[in-house]
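Peer 1: Can you keep this structure in mind? I'll have questions shortly.
The values are calculated or read from the model by the stated rules, or taken from the named source; none is laboratory data. Computed from a prediction, not measured in an experiment: that's the story for all the values here. Positions of Cβ are backbone-derived with ideal geometry, glycine not excepted, and every protein chain shown enters the neighbour counts. When the accessible area is computed, the model is the full protein with side chains, heavy atoms only, and any ligands, DNA or RNA have been set aside. Shrake-Rupley method; radii C 1.70, N 1.55, O 1.52, S 1.80 Å.
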Amino acid sequence: MKIAIDGPAASGKTSLGRALAERFGCRFIETGKMYRAVALGLARGLSLDRIVIDVAEPERFLLNGEDVTDLLHTPELDQASSEAGTRPEVRARLVALQQRIAADIDVVMEGRDIGTVVLPDADVKIFLRASPDVRARRRVDQRPGAEVGRTLRELLVRDRRDSTRAIAPLNPASDATIIDTDRKTLAEVISEAVDLVKERLLEH
Ligand code: C5P
């Protein structure tokens, strides 16, 4: 089974994805961390052709063999990863890696283009929406010390870049189920998504 979750930054994709992966016994892959690891490599002065990204279990991301998972969630890499994501050669390499990983396993994969580009035949496609204010508040809760106004401005810059880039812009797949999470708790969103997956499993 393949489950694709897409949506803008801080819309709740990771919390939902982890919960679904655990519930249905799938591997969970957060593709944004791959873009972040590429951006870290570029920030360290490596050229793209010298950057090799790998994913190890459980949820560890390797840059040229070094586990960089715990270095990836910084405001600098928020922006640098979305800039890296506008480069066609970066996307081509990461999409190929994501498709290779997902090929023979049950997987929940989350990102921006999973339902549209990476796994167009996914069994379940979910697109999460949430207003910028709600997303900024959620991000601040995850990052103690972050300030709401600045976080909101940075999210809006990323939103614009993610949805206007020439290649694989952020869009729901035509067959995705859209869940608006603004007025829902995480538990409610998970329960709605679990029902959706169960329905699909019964259809097969
Ligand atoms: O999901 P996360 O915020 O960690 O992703 C970091 C950046 O990587 C995003 O802002 C987006 O520009 C890029 N990205 C992407 N395609 C994906 C996952 C992430 O372009 N599938």
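Peer 1: Right, A146: surrounded by fewer than 23 Cβ atoms within 10 Å (Cβ to Cβ) and over 23 Å from V55 (Cα atoms) or not?
Peer 2: Criteria met by A146.
Peer 1: Filter segment 170-204 down to the residues that are part of a loop (DSSP other than H, G, I, E, B) and either without any contact (Cβ under 8 Å) to a residue 12 or more places away in the chain or open to solvent by 70 Å² or more (accessible area, probe 1.4 Å) (or both), then identify the one that is farthest from H73 (Cα to Cα).
Peer 2: Going through the qualifying residues, I end up with H204.
Peer 1: Residues of segment 111-121 being within 13 Å of the ligand (Cβ to nearest atom) and open to solvent by 10 Å² or more (accessible area, probe 1.4 Å), which ones? Give the steps one after another, and end with the answer.
Peer 2: Just the residues of segment 111-121 that are within 13 Å of the ligand (Cβ to nearest atom), to begin with: 111-119.
Passing the criteria: R112, T116, V117, L119.
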